[in-house]
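The values are calculated or read from the model by the stated rules, or taken from the named source; none is laboratory data. Since this is a predicted model, take the numbers as computed values, not measurements. With ideal geometry, Cβ positions are generated from the backbone for all residues, glycine too; neighbour counts draw on all protein chains shown.
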Amino acid sequence: MIARYLPPLLSGTLFGGGLALGGMTNPARVRGFLDIFGNWDPTLAFVMGGAVIVMAIAWRIQARLAHPLFAPKFALPTRTDLTPKLIGGSALFGIGWGVAGLCPGPAVAALVIEPASAATFVAAMIAGMGIVRLIEKD
């Protein structure tokens, strides 16, 4: 039973460690990236670039595999349409990211590093996800 949760735990720990090492748990660093007309900080661009390289390699490997190592099949998105819900959610995410300087991954990682400052964001994020589940119809 515990072996089932080991791969996601290890990959989540690696992801969180990478975010912390890249400085993405520091809201000031993220806001510095978004401040293109002020004191611009390019760190986030390097983190994103590294992620794009890793994913490009992962997509090439995935195309050659019959199924993932720890699951019977791949869970890949099949929809390609842009819905008002997707656009609205993306806009809300971007506004929250710009205001708070955190998004879900770095916020959870920041709970380990600076729990007091990240807890408010994480609590609001969990409350928002709960509200969406209550009002979502489809």
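Points to keep in mind about this one:
- Filter result (surrounded by 10 or more Cβ atoms within 10 Å (Cβ to Cβ), part of a loop (DSSP other than H, G, I, E, B) and either aromatic (Phe, Trp, Tyr) or within 18 Å of the chain's Cα centre (by Cα) (or both)) within the range 1-60: Gly22, Gly23, Met24, Thr25, Asn26, Trp40
- Screening the candidates Ala119, Ala109 for the property of being in a helix (DSSP H, G or I), at pLDDT 90 or above and within 21 Å of Gly18 (Cα to Cα) yields one hit, Ala119.
- Residue within the range 95-106 that is over 18 Å from Pro27 (Cβ atoms) and in a helix (DSSP H, G or I) present: no
- For Phe74, the criteria (1) surrounded by 10 or more Cβ atoms within 10 Å (Cβ to Cβ); (2) farther than 29 Å from Ala124 by Cα; (3) modelled with pLDDT of 90 or more; (4) not acidic (Asp, Glu) hold in every case but one, which is (3).
- Qualifying residue in the range 63-81 (condition: more than 21 Å from the chain's Cα centre (by Cα), part of a helix (DSSP H, G or I) and within 30 Å of Pro7 (Cβ to Cβ)): yes
The rows are residues; the columns are (1) at pLDDT 90 or above; (2) of a type in the set (A, V, I, L, M, F, W, C); (3) in contact with a Gly (Cβ under 6 Å, 6 or more places away or on another chain); (4) on the phi < 0 side of the Ramachandran plot.
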position	(1), (2), (3), (4)
Ala3	no, yes, no, yes
Pro8	no, no, no, yes
Phe15	no, yes, no, yes
Leu34	no, yes, yes, yes
Gly50	yes, no, no, yes
Ile53	yes, yes, no, yes
Ile57	yes, yes, no, yes
Arg64	yes, no, no, yes
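- Some residue of the range 84-92 being at pLDDT 90 or above, more than 30 Å from Gly23 (Cβ to Cβ) and either exposed (fewer than 11 other Cβ atoms within 10 Å of the Cβ) or more than 16 Å from the chain's Cα centre (by Cα) (or both): yes
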